[in-house]
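Peer 1: Before we start, here is the structure in question, set down as structure tokens.
The values are calculated or read from the model by the stated rules, or taken from the named source; none is laboratory data. From a predicted model like this one, the values you see are computed outputs, not experimental measurements. So basically every Cβ, Gly included, is an ideal-geometry build from the backbone, and we count neighbours across all protein chains shown. Accessible surface is based on the protein model in full, side chains and every heavy atom, while ligands, DNA and RNA are left aside. Shrake-Rupley method; radii C 1.70, N 1.55, O 1.52, S 1.80 Å.
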Amino acid sequence: MLKGLHSRRKAQLFIGFLAGIAFGFLLQKGGVTRYDVIIAQLLLEDWTVLQVMLSAVAVGMVGVHLLHSLGLAKLHPKTGSLGATALGGLIFGVGFGLLGYCPGTVAGAVGNGYLDALAGGVVGTVVGAGMFAAWFPKLQASILRKGEFGDVTLPQLLKVRAWVVVVPAAAFLVGLLALIDLLGG
Amino acid sequence: MMEWLTMPQWSPYVAGAGIGLLSCLTFLLSDKPLGCSTAFARSSGMIEKLLRGRQVADKPYYQQVEPVVDWQWMLVVGVVLGAFLSAMLSGQFELVLVPSRWATAFGTGSLVRLVTAFVGGVFLGFGARWAGGCTSGHGISGTLQLALSSWLAVVCFFVGGVAAAMLLFHVIAG
């Protein structure tokens, strides 16, 4: 692990910025900084968003686990619960459908020139995150921890080594992409 | 090389694979998965701090998610610039207030679009922090780590998203 580099704050801010430029560039080139493309995916008329996402996950899954096996990267799976992950995910989804962008693509859409993303989307997302911060103590005490399952990964759940899941999962994603292509994505 | 940079669109597989490789790089160089929504929460905290002063940082949520510029905040700023560069290079940069697909269903009135986008944004920001991540943090970075939480989250994102989009375009717009 490049621990020395990881602890250099200013260098890290710069790397984050460069990674963001690359991310925004790739999102735009993939077509997913455009409202029409994202909403067509949610209306199940066009499959570009899933094609980009599933390709990213398939490549990243193999690459990150390779880095992990070589001792060059640590994994950071997020913790979850039914109350937080499922319910929050559905609320997020409603926003995704109404806005037509998600937090990453809304930033990319701003760069692409979409003013609805800037004046409506970014402002709304900041307000929504602020509302969550205000309600966090109440939500934390009531619903967020219902049905907690922690930061478990699928290999841990199945009690097998990571690669036993990574290889078939990556193959499954490639198969899914082929199927989408076949059905005229 | 230049032709490649000025192409209006790449194959979604190539763009996606690039994002996958970029994920590997950020794990290697920064020990960080790609993610975007925490930056919006930090921004809301920074704005609240400007308006209401330092005690904002004492809120329990902002103790966990400090309202400061961090790696991911810089990433989101970079995303705006990267998308701008890509759009400029291919001549696709265009100021749009009402996207065309929206206009065909709801007309070209900008107020309706802006209000819907704002309300959608509120749900998006609220839901992302509720779920602990967004389409990039859970949907790409979390699923590639095979985290159970992220696979559940991404399914819920799309279930909610498809339902809301269908309701909007097939029921309300008729």
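Peer 1: Check B:VAL96: other-chain or 5+ apart residues with amide H under 5 Å from its amide H, H built from backbone geometry?
Peer 2: Excluding prolines and chain starts, which carry no amide H, the hits are A:TYR114, A:LEU115.
Peer 1: Once the Cα gyration tensor of segment A:78-151 is diagonalised, what are the square roots of 5 times its eigenvalues, in whole Å and ordered largest first, as equivalent ellipsoid semi-axes?
Peer 2: Working: eigenvalues 151, 35, 18 Å².
Value: 28, 13, 9 Å, ordered largest first.
Peer 1: Can you pull the mean other chain C-beta count within 10 Å for peptide B:40-48?
Peer 2: 6
Peer 1: Compute the whole-percent fraction of alpha carbon pairs in the protein assembly as shown spaced more than 33 Å apart.
Peer 2: On the way: 14389 of 64261 pairs.
Everything past 33 Å amounts to 22 percent.
Peer 1: Can you list the residues, at least 5 places off or on another chain, whose amide H is less than 5 Å from the amide H of A:GLU148, using H built in the peptide plane?
Peer 2: Hits under the 5 Å cutoff: A:LEU82.
Peer 1: Fully extended, how many nm does the chain gain between B:SER90 and B:MET7 (0.36 nm per residue separation, minus their Cα-Cα distance)?
Peer 2: 29.3 nm
Peer 1: Additional query: Just counting partner chain Cβ atoms within 10 Å, what average do the residues of peptide B:84-93 show around their Cβ? Show your work: numbers first, answer last.
Peer 2: Values: counts 10, 5, 12, 11, 4, 3, 2, 0, 7, 4.
Mean number of neighbouring Cβ atoms from other chains: 6.
Peer 1: Ok, one more. Where is the GNM fluctuation largest for chain A (alpha-carbon springs, 10 angstrom cutoff): A:VAL110, A:VAL164, A:VAL52?
Peer 2: A:VAL164
Peer 1: Could I ask something else about it? Which value, in Å³ per residue, describes the convex hull spanned by the Cα atoms of segment B:97-174? Can you show the working numbers first?
Peer 2: Numbers: hull volume 7.3 nm³, N = 78.
Dividing the Cα hull volume of segment B:97-174 by its residues yields 93 Å³.
Peer 1: Another question, then. Other chains near B:63-76: what is the mean number of their Cβ atoms within 10 Å of each residue's Cβ? Mind showing how you got there, number by number?
Peer 2: Values: counts 1, 3, 4, 0, 1, 0, 2, 4, 9, 3, 4, 10, 13, 12.
So the per-residue partner count for this stretch is 5.
Peer 1: Right, here's the next one. Can you order the peptides A:61-68, B:49-56, B:95-102 by their average number of other Cβ atoms within 10 Å per residue, highest first?
Peer 2: On the way: A:61-68: 20.4, B:49-56: 10.8, B:95-102: 18.0.
Packing proxy ranking, top to bottom: A:61-68, B:95-102, B:49-56.
Peer 1: For segment A:78-151, what is the accessible area per residue in Å², given a 1.4 Å probe and the full set of protein chains? Before the final figure, lay out the partial values.
Peer 2: On the way: 2480 Å² over 74 residues.
Counting only protein heavy atoms, the per-residue value for segment A:78-151 is 34 Å².
Peer 1: Throw me the Rg/Rh for chain B, computed over C-alpha atoms with Kirkwood Rh, two decimals.
Peer 2: Numbers: Rg = 18.5 Å, Rh = 18.7 Å.
With Rg and the Kirkwood Rh in hand, the quotient comes to 0.99.
Peer 1: What total accessible area, in Å², is buried where chains B and A meet, using a 1.4 Å probe and rounding to the nearest 100? Mind showing how you got there, number by number?
Peer 2: Numbers: alone 12420 and 12800 Å², together 14930 Å².
The summed interface area works out to 10300 Å².
Peer 1: Gap in Å between the Cα centre of segment A:1-31 and the Cα centre of segment B:1-60?
Peer 2: Computed from Cα coordinates, the inter-centre distance equals 8 Å.
Peer 1: Shifting gears a bit: What pairs in A:LYS10/A:LYS74; A:LYS138/B:LYS32; A:LYS78/B:LYS59; A:LYS146/B:LYS32; A:LYS10/A:LYS146; A:LYS3/A:LYS159 have C-alpha atoms more than 32 Å from each other? Show your work: numbers first, answer last.
Peer 2: On the way: A:LYS10/A:LYS74 21 Å; A:LYS138/B:LYS32 29 Å; A:LYS78/B:LYS59 22 Å; A:LYS146/B:LYS32 28 Å; A:LYS10/A:LYS146 39 Å; A:LYS3/A:LYS159 29 Å.
Correct reply: A:LYS10/A:LYS146.
Peer 1: Then there's this: How large is log10 I(q)/I(0) at q = 0.15 Å⁻¹ when the Debye formula is applied to the Cα atoms of segment A:44-185, each weighted equally and without solvent?
Peer 2: Values returned for q = 0.15 Å⁻¹ are -1.10.
Peer 1: Next question. Quick one: longest stretch of chain A between exposed loop trypsin sites (Lys or Arg not before Pro), exposed meaning at most 15 other C-beta atoms within 10 Å and loop per DSSP?
Peer 2: Details: sites that count: A:ARG8, A:LYS74, A:ARG145, A:LYS146, A:LYS159, A:ARG161.
Free of exposed loop sites, the longest segment is A:75-144.
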